[in-house]
Amino acid sequence: MKRVPPIALRPPGGRHGGGTSLLPHPSSWYKTAHGRSVPPGCGPGWCRRNGNFTGTTEEILRWAARKWGIDQNMVFAQAAVESWWRQTAKGDRESSGCPPGHGPGVDGRRGLCPQSWGILQNRYPYEKSSWPGIARSTAMNADTAYGIWRACFDGYETWLNTVQHGQVYKAGDAWGCIGRWFAGRWHTQPARQYVAKVGQYLRQKIWKTKNFRRRVPRLAGRAPGPCRRTSRTAGCRPRGRCPASSSPSRAARRSSPGRPSQARSR
């Protein structure tokens, strides 16, 4: 791949922070390059993921925003919440669901392995078709994350109405799909808290602040929360005392329809 300059953006518009407007994708977007329907199991937009971009971190995030039609400032803010723009970030350590070559203990935590990888903390068990790209490539990581966001935005994730939800899931809710990335649920309290944190970073334009590139804080969103969602249920079980945190604990996240929600913890 050769390095390419930032893609020209449309003028600011909408209610989403002054970056790009949300761009409609025609039904043809959800077909393969040869014009055939998406293969079974590929999912809406899934075959469009390729990570085919080289540039700085900011250029890559801008490219992903333009490709999938999301406000670039929302992308910048979410990547800050997830990893402080660090592709080397690893999280959601569990004793199972490990990527190849990263079994329990390999990455420094005895008996545990990181399930979430990269700048947007893509979770391996639900994004196996993107492995190892989501760990090795910032572009593939962002491309996969916002392909999932786009499927949600366009109304394909109707499974969200079959699990706990604070509102009826429907297409066109950009922020709802941001919250779904974190919580695996639609407009629940954890999802709303996460959206609030991303919104805070967006208003601050934290990626432009003086020390953003210099320091890597303990990300509050990585702290274990007071409860953990069990698989296939909306219930929580106690997890004991938690570190002080102004942002929500990481809850369950599902990256594709028809899969059980899994707990997210540190």
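Derivation of every value follows stated rules applied to the coordinates shown; laboratory data play no part. It should be emphasised that the depicted structure is a prediction, and the values quoted were computed from it without experimental measurement.
Over 31 Å apart at the Cα level, from the set Lys67/Lys170; Lys67/Lys128; Lys90/Lys197, is no pair at all.
What is the gain in length, in nm to one decimal, between Arg136 and Val168 on full extension, counting 0.36 nm per residue of separation less the C-alpha to C-alpha distance?
7.9 nm
Given just the C-alpha atoms of segment 29-214, how large is their convex hull per residue in cubic angstrom?
On the way: hull volume 24.3 nm³, N = 186.
Value for segment 29-214: 131 Å³ per residue.
Couplings for segment 176-189, taken from phi via the Karplus curve 6.51 cos²θ - 1.76 cosθ + 1.60 with θ = phi - 60°, read x, 6, 5, x, 4, 4, 7, 9, x, 9, 10, 6, 7, 4 Hz in order; Gly and Pro are left as x.
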